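Everything below concerns the one structure shown next.
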Amino acid sequence: MANKADQFCNQAANSPIESVETFEQYIDNLRKLVSWNHVGILTDEGVRNIIILLILNDELVGTVRLSLAPSIVASCLKGLTVENEPVCYRCIQGYSISSDDLLHLESIAGMWDKAKEQSAELTHDEIEPLFIRFDDDRKEKGRGPDFTKDTKETVWRESFGRCMFTGCGEKLDYDEVSGTSGNYAYLAHNVASSEQSARGIVELSKKLSNNPNNVLLLCDKHHRLIDKVAASDYTAPALSAMRKEFSIVANSLLDGLKFEPIPVYAVLWPVNSQTVSPPSYLQVANSLSRIKRRMHEQLNVLSNNEELLVGSPDILWSLMPTVIQNAAEKIIQQTKQFGYSAALFGFGPSSALIGLGARLGNKNAVTPMLRFRESGSWSWPQTEPVGDFYEIEGNNNLQSGSDFVINIALTAEPESLVEASKSVGDRVEAQTITIRARKTNMGNGAIPHPDDGRAFSAFLQSLFHDLKSKYGAQVIHLFPCTSNAASVFIGQAYDLHHPKVIVYDFDNGTMVPRICLESENHQCLVRAI
């Protein structure tokens with residue numbers, strides 16, 4: 001919709017309509033612009049604002065505010081619905097809608113979505129009584145229906161018998177103080193069962209009182225916190241979000257039980273004197289689910305050298321080959337009983353991670369995991385592999401030569417990489433091959449799935465082999481701009497029959513040689529340059 005049309009459709013941004021004639025005229029004109037198949041009513045804390053929403057499937061296409069008698073409002077809403085379809089009533093409890101919130105359909109749609117769990121379907125016969133109560137500002141005494149057995153069992157099952165308060169997770173079938181077994185759980189409402197309670201909502205308190213989606217299982221401490229100590233701090237939308245998050249986290253962790261366990265390692269080296277934290281157990285579970293594995297026992301953090309390397313960045317690269325070898329040897333030795341299968345959460349300079357991948361080799365199943373630079377979280381963009389995410393330039397019409405330059409631009413293709421590789425290529429008279437992520441894939445998540453990473457590593461292994469066997473390559477100058485996981489995959493492409501590989505890394509606006517990969521006595525050696 002054009003901007004003027006959008007403004008017209010959002011009548012709620014203006015003063016409420018005060019006559020039936022004006023309402024009918026507005027709706028007639030609105031129908032010329034948009035159509036809808038659902039009608040909603042959105043209120044806020046204390047019913048200070050009432051907005052009527054017109055929705056097409058899941059998209060908000062129009063809004064109205066009315067200042068009319070309840071019977072007339074009910075008649076107007078009936079005229080807006082399709083074939084007597086129920087009207088959805090939601091309340092964004094604990095929040096007061098401001099005039100700024102009403103300026104755009106997008107912001108109103110956001111409030112509507114936020115109140116999704118505080119909603120109920122109303123028949124046409126229920127609309128007029130509801131608006132009468134809005135006008136009278138009258139809250140009913142008493143409570144809604146008690147919990148049924150089915151509701152109790154559903155909430156207990158969905159909570160796995162643990163406190164659903166964020167960060168708690170306490171088992172509620174055992175009392176640590178007395179040491180006795182039993183049921184020490186409390187069922188707590190998001191929307192209070194009584195309209196007169198802190199989280200009470202007109203009509204919804206009664207309708208949602210026995211709805212399991214409106215109930216959390218809590219320990220005694222957190223039950224008292226949200227109901228007695230700080231009730232105003234825990235609104236119904238906040239508790240609904242807490243319940244939803246608990247379900248996502250718990251199911252994600254438990255889904256991992258379906259998979260074969262493998263050891264998991266974290267190797268976290270400093271980048272520009274900055275280090276990162278190991279992944280959380282949830283991030284580990286989510287990352288490993290892509291390869292249908294789960295963590296064996298606990299996370300093995302191998303990099304205990306950050307303090308030395310951060311404190312002495314000038315000696316980092318002279319120490320790095322030894323650091324790489326020690327980490328790789330530990331992983332290889334400790335994964336024998338698992339068929340050399342493991343997951344690696346590696347972070348550090350790209351060249352160092354390439355060296356680590358090369359030392360680990362391509363004959364095992366050590367799978368690197370991706371860390372998103374922007375969010376600082378470990379995860380994979382896709383649940384399934386996508387296939388070719390990159391394109392190749394310069395690999396046609398190659399001629400024999402001793403040196404070749406390979407640029408790998410997956411996160412970006414900066415000028416510093418292009419200029420540095422060209423300078424080296426001109427100096428050693430090397431041909432250049434560029435591998436870059438497709439425009440839609442370029443970024444930290446260019447490799448969207450571990451299987452895509454393995455396929456990319458196999459492609460590079462074949463390319464390195466062809467450059468030596470077909471074109472006589474003796475040295476490959478490698479210029480990477482890649483994610484942490486991609487760097488390890490690149491290193492794993494190195495084979496004992498490949499040419500020497502010089503790996504460059506960023507430094508003061510250019511790229512300089514950092515490490516060298518060579519084969520000696522049937523071993524991959526990583527040397528500093």
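Figures for the structure shown
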item: Unique residue being in contact with a strand residue (DSSP E or B) (Cβ under 7 Å, 6 or more places away or on another chain), among the hydroxyl-bearing types (Ser, Thr, Tyr), surrounded by 20 or more Cβ atoms within 10 Å (Cβ to Cβ) and not assigned by TED's automatic domain parsing to the domain that holds residue 367 when the list is 240, 159, 193; result: 159
item: Selection status of residue 116, in the same structural domain as residue 87 (by TED's automatic domain parsing) and either without any contact (Cβ under 8 Å) to a residue 12 or more places away in the chain or assigned to a loop (DSSP other than H, G, I, E, B) (or both); result: yes
item: Selection count where residues are touching a Lys or Arg at 6+ places or on another chain (Cβ under 6 Å) and among the polar types (S, T, N, Q), scope the range 119-154; result: 1
item: In the range 433-462, the residues that are polar (S, T, N, Q) and surrounded by 19 or more Cβ atoms within 10 Å (Cβ to Cβ); result: 434, 441, 444, 457
item: Residue, farthest from the chain's Cα centre (by Cα), within the range 399-420, restricted to residues that are more than 12 Å from residue 442 (Cα to Cα) and part of a strand (DSSP E or B); result: 403
item: For residue 159: the one exception among (1) within 33 Å of the chain's Cα centre (by Cα); (2) over 30 Å from residue 217 (Cα atoms); result: (2)
item: Test result for residue 166, part of a helix (DSSP H, G or I), out of contact with any Leu (no Cβ under 9 Å at 6 or more places or on another chain) and not charged (D, E, K, R); result: no
item: Residue that is nearest to residue 278 (Cα to Cα) [pool: residues in the range 365-378 that are of a type in the set (D, E, K, R) and either touching an Asp or Glu at 6+ places or on another chain (Cβ under 8 Å) or not in a strand (DSSP E or B) (or both)]; result: 373
item: Matching option when the condition is surrounded by 23 or more Cβ atoms within 10 Å (Cβ to Cβ) and aliphatic (A, V, I, L, M), among 517, 496; result: 517
item: Members of the range 240-263 found to be over 17 Å from residue 170 (Cβ atoms) and either of a type in the set (Asp, Glu) or modelled with pLDDT of 90 or more (or both), listed by number; result: 240, 241, 244, 255, 260, 261, 262, 263
item: Only listed residue being touching a Phe, Trp or Tyr at 6+ places or on another chain (Cβ under 9 Å), under 21 Å from residue 466 (Cα atoms), assigned to a loop (DSSP other than H, G, I, E, B) and in contact (Cβ under 8 Å) with a residue 60 or more places away in the chain, chosen from 362, 395; result: 362
item: Only listed residue being within 18 Å of residue 490 (Cα to Cα) and assigned to a loop (DSSP other than H, G, I, E, B), chosen from 385, 381; result: 385
item: Failed item in (1) within 22 Å of the chain's Cα centre (by Cα); (2) assigned to a helix (DSSP H, G or I), with residue 355 passing the rest; result: (1)
item: Of the criteria (1) modelled with pLDDT under 90; (2) touching a strand residue (DSSP E or B) at 6+ places or on another chain (Cβ under 7 Å); (3) surrounded by 15 or more Cβ atoms within 10 Å (Cβ to Cβ), which one residue 182 fails; result: (3)
item: Per-region count, the range 380-401, residues touching a Ser or Thr at 6+ places or on another chain (Cβ under 6 Å) and surrounded by 15 or more Cβ atoms within 10 Å (Cβ to Cβ); result: 1
item: So residue 404, is it among the aromatic types (Phe, Trp, Tyr), in contact with a Leu (Cβ under 9 Å, 6 or more places away or on another chain), touching a residue at least 24 places away in the same chain (Cβ under 8 Å) and buried (at least 21 other Cβ atoms within 10 Å of the Cβ); result: yes
item: Scan of the range 139-168 for residues that are touching a residue at least 60 places away in the same chain (Cβ under 8 Å) and either under 18 Å from residue 224 (Cα atoms) or hydroxyl-bearing (Ser, Thr, Tyr) (or both), ordered by number; result: 148, 151, 159, 162, 164, 165, 166
item: Odd one out for residue 9, checked against (1) over 24 Å from residue 133 (Cα atoms); (2) free of Cβ contacts under 8 Å to residues at least 60 places away in the same chain; result: (2)
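Every residue, every condition in (1) farther than 21 Å from residue 268 by Cα; (2) in contact (Cβ under 8 Å) with a residue 40 or more places away in the chain; (3) acidic (Asp, Glu), yes or no:
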{"residue": "375", "(1), (2), (3)": "no, no, no"}
{"residue": "389", "(1), (2), (3)": "yes, yes, no"}
{"residue": "408", "(1), (2), (3)": "yes, yes, no"}
{"residue": "427", "(1), (2), (3)": "yes, no, no"}
{"residue": "438", "(1), (2), (3)": "yes, yes, no"}
{"residue": "471", "(1), (2), (3)": "yes, yes, no"}
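The values are calculated or read from the model by the stated rules, or taken from the named source; none is laboratory data. In this text, all values refer to a predicted model and were calculated from it rather than measured experimentally. As a convention, Cβ positions derive from the backbone with ideal geometry for all residues, glycine included, and neighbour counts pool all protein chains shown.
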